[in-house]
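The values are calculated or read from the model by the stated rules, or taken from the named source; none is laboratory data. Computed from a predicted model, the values in this text were never measured in an experiment. Note: ideal-geometry Cβ built from the backbone for every residue, glycine included; neighbour counts use all protein chains shown.
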Amino acid sequence: MTLDMKAGVSGEQIRPDRLAEALERLKETVGPSGWSTHPGLLEPHVVDWTGVMRGSSPLLLKPARTEEVATIVSICREYGLKIVPQGGNTSLVGGAVPSGKGVEILVNLARMNKVRAVDTINDTMTVDAGCLLASIQAEAEKNERLFPLRLASEGNCQIGGNLASNAGGSNVLRYGNTRDLVLGLEVVLADGRIWNGMRGLRKDNMGYDLKQLFIGSEGTLGIITGAVLKLFARPASVATAVCAVPSVKAALDLLALCKQRTGGQVTAFELMPGTGLELVLKHFPACRLPLERLCEWQVLIEFSSSDETASQQERMTAVLAEAYEAGLVSDAVVSASLSQSRSFWALREGLAEADMMEGPTIQGDIAVPISSIPDFLEICSAAISQAVKGARIIAFGHLGDGNIHFGIIQPADVLPKDFLARSDEIHGIINHNTLRFGGTVSAEHGLGTLKAGAVLKYRGEVEQDLMLAIKHSLDPSGMMNPGKVLEAGRRQLQE
């Protein structure tokens with residue numbers, strides 16, 4: 001058997017009359033309010049959040065029901081058209097924009113935004129894939145529950161995209177990635193059939209766990225249209241602190257101390273460099289630094305508990321006092337109110353956007369074992385500085401789970417186009433050092449277009465064969481989100 005992951009989809013060769021016929025059938029499927037061909041309306045859907053990756057599409061579809069999605073897929077399969085599933089289009093790696101090669105139909109799920117059910121006994125919420133993450137969080141709060149996925153883009157991203165990319169965020173340390181927050185899925189397959197796996201079961205060993213194939217697949221195996229999500233007890237007490245630490249190694253020692261003293265109540269532990277916070281304070285005037293001065297490294301810590309009798313502020317204060325005596329922190333402020341806690345988080349959540357507001361930026365999203373982070377940051381940052389003189393390196397992220405984000409900002413004496421032309425070189429430096437420390441070149445943003453060749457470059461042959469076999473089995477014609485995850489690196493599997 002030969003698996004050619006680029007073969008079988010002939011959208012680029014479709015006759016004009018056949019294409020016109022297909023587009024009319026697709027428009028009829030969603031009705032007059034569910035489609036657009038206007039360039040101005042298409043524009044925000046064909047370029048990624050960074051503004052770097054851009055494609056094209058003749059048609060944007062916004063189905064309102066799962067059955068409409070299934071019909072769309074069936075029509076596209078019949079005519080040999082490719083499909084790009086899209087949520088809030090907040091991907092940083094071009095995971096939800098068309099490639100611009102051939103005819104690719106955009107299928108945006110924004111109209112599929114209903115909360116289907118909330119079960120506070122089973123602690124589950126059943127939702128459409130187009131629900132905004134912030135709306136799901138608010139619905140959980142209304143029912144005195146917590147949905148713990150927390151992202152800077154939560155006001156714009158959709159849960160379907162979170163599932164498709166296996167989003168991480170700030171609370172992975174305590175609650176896990178998105179795949180850990182899901183009990184069931186509904187998926188439209190590449191042949192147009194609907195798989196109903198919407199089960200709210202915490203124990204189910206009837207065969208393979210199929211939902212995990214689609215979570216993190218970035219829309220390359222099917223279109224997620226619904227999900228059963230886990231809910232958790234709403235915290236009764238939360239404390240947030242910003243601390244200055246003398247080094248990244250000290251930050252890790254502080255993390256260990258927090259874990260020991262709280263019994264697993266550390267919700268978030270975020271690393272923030274002084275260079276990055278300078279940019280946040282510059283570009284977001286409403287943000288304020290709670291510390292006396294910026295240091296080379298800061299951390300944001302959050303404790304939470306559903307125990308109403310436990311004061312997390314008192315616990316945080318006690319832990320930080322012990323850390324101060326041990327030389328692990330030089331300054332710290334514990335939030336006194338919810339509004340102050342939010343202002344602390346605004347510093348952390350503004351880091352990535354502030355980088356890009358400063359100038360052309362090359363982004364990185366990697367993970368290494370937590371214990372390796374200090375050495376990794378020192379060696380990798382030195383290698384980038386050596387290669388790109390004058391570049392500002394902003395390294396920040398989720399220290400508690402080993403996920404580091406890089407923002408490499410254009411040197412002042414280099415033209416933007418010349419700097420961005422070195423993107424592959426800079427990513428190569430980051431990737432080389434990441435793998436050297438036993439890490440992964442894609443931690444939470446996914447592979448998308450930007451890193452679509454990574455699997456075939458950095459994973460072993462057996463792992464590649466397994467992934468290619470799964471792709472061929474579920475999408476033999478390669479119509480689902482082409483050019484993402486696997487397809488930038490072409491390889492044949494002989495059997």
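Here are 194, 215: which of them is aliphatic (A, V, I, L, M) and under 22 Å from residue 152 (Cβ atoms)? Step through it out loud before you land on a result.
On the way: 194 fails: under 22 Å from residue 152 (Cβ atoms).
Only one candidate qualifies: 215.
Right, residue 202: loosely packed, with under 15 Cβ neighbours inside 10 Å and not assigned by TED's automatic domain parsing to the domain that holds residue 49 or not? It is true that residue 202 is loosely packed, with under 15 Cβ neighbours inside 10 Å and not assigned by TED's automatic domain parsing to the domain that holds residue 49. Of the residues making up segment 176-224, those that are of a type outside the set (A, V, I, L, M), over 30 Å from residue 78 (Cβ atoms) and without any contact (Cβ under 8 Å) to a residue 60 or more places away in the chain number 11. Among the numbered conditions (1) out of contact with any strand residue (DSSP E or B) (no Cβ under 7 Å at 6 or more places or on another chain); (2) surrounded by 19 or more Cβ atoms within 10 Å (Cβ to Cβ), the only one that residue 386 does not meet is (2).
Do we have residue 443 as under 23 Å from residue 168 (Cα atoms) and either part of a loop (DSSP other than H, G, I, E, B) or hydroxyl-bearing (Ser, Thr, Tyr) (or both) here? Answer is yes for this residue. Only residues that are in a helix (DSSP H, G or I) and either surrounded by 22 or more Cβ atoms within 10 Å (Cβ to Cβ) or not polar (S, T, N, Q) (or both) were counted across segment 251-291, and they come to 19. Residue 83: aliphatic (A, V, I, L, M), assigned by TED's automatic domain parsing to the domain that holds residue 29 and touching a helix residue (DSSP H, G or I) at 6+ places or on another chain (Cβ under 9 Å), yes or no? In short, yes. Within the option set 437, 376, being of a type in the set (Phe, Trp, Tyr) and surrounded by fewer than 21 Cβ atoms within 10 Å (Cβ to Cβ) holds for one residue only, 437. Only residues that are polar (S, T, N, Q) and outside any helix (DSSP H, G or I) were counted in segment 318-363, giving 5.
Out of 102, 95, which single residue is over 17 Å from residue 186 (Cα atoms), touching an Asp or Glu at 6+ places or on another chain (Cβ under 8 Å) and surrounded by fewer than 24 Cβ atoms within 10 Å (Cβ to Cβ)? Give the derivation first.
On the way: 95 fails: surrounded by fewer than 24 Cβ atoms within 10 Å (Cβ to Cβ).
Residue meeting the stated conditions: 102.
Only one of the numbered conditions (1) on the phi > 0 side of the Ramachandran plot; (2) at pLDDT below 95 is not met by residue 402, and that is (2).
Which residues, counting only those in segment 293-317, are assigned to a helix (DSSP H, G or I), surrounded by 13 or more Cβ atoms within 10 Å (Cβ to Cβ) and either out of contact with any strand residue (DSSP E or B) (no Cβ under 8 Å at 6 or more places or on another chain) or acidic (Asp, Glu) (or both)? Passing the criteria: none in range.
Taken residue by residue, segment 116-125 has no member that is surrounded by fewer than 24 Cβ atoms within 10 Å (Cβ to Cβ) and closer than 30 Å to residue 81 by Cα. Regarding segment 41-62, can at least one residue be identified that is of a type in the set (Asp, Glu), surrounded by 14 or more Cβ atoms within 10 Å (Cβ to Cβ) and either assigned by TED's automatic domain parsing to the domain that holds residue 189 or under 21 Å from residue 482 (Cα atoms) (or both)? So far as segment 41-62 goes, yes, one or more of its residues are of a type in the set (Asp, Glu), surrounded by 14 or more Cβ atoms within 10 Å (Cβ to Cβ) and either assigned by TED's automatic domain parsing to the domain that holds residue 189 or under 21 Å from residue 482 (Cα atoms) (or both). Considering each residue of segment 405-426 in turn, none proves to be in contact (Cβ under 8 Å) with a residue 24 or more places away in the chain, hydroxyl-bearing (Ser, Thr, Tyr), in the same structural domain as residue 276 (by TED's automatic domain parsing) and surrounded by 15 or more Cβ atoms within 10 Å (Cβ to Cβ).
Among residues of segment 379-403 that are outside any helix (DSSP H, G or I), those with a beta-carbon under 9 Å from a residue that is of a type in the set (D, E, K, R) and surrounded by fewer than 17 Cβ atoms within 10 Å (Cβ to Cβ) at least six positions away or on a different chain give the pairs 388/425; 389/413; 390/413. Residue 480 satisfies every condition listed in (1) at pLDDT 95 or above; (2) out of contact with any strand residue (DSSP E or B) (no Cβ under 8 Å at 6 or more places or on another chain) except (2). On the stretch given as segment 126-146, residues that are buried (at least 22 other Cβ atoms within 10 Å of the Cβ) and either of a type in the set (Asp, Glu) or in contact with a Ser or Thr (Cβ under 6 Å, 6 or more places away or on another chain) (or both) total 2.
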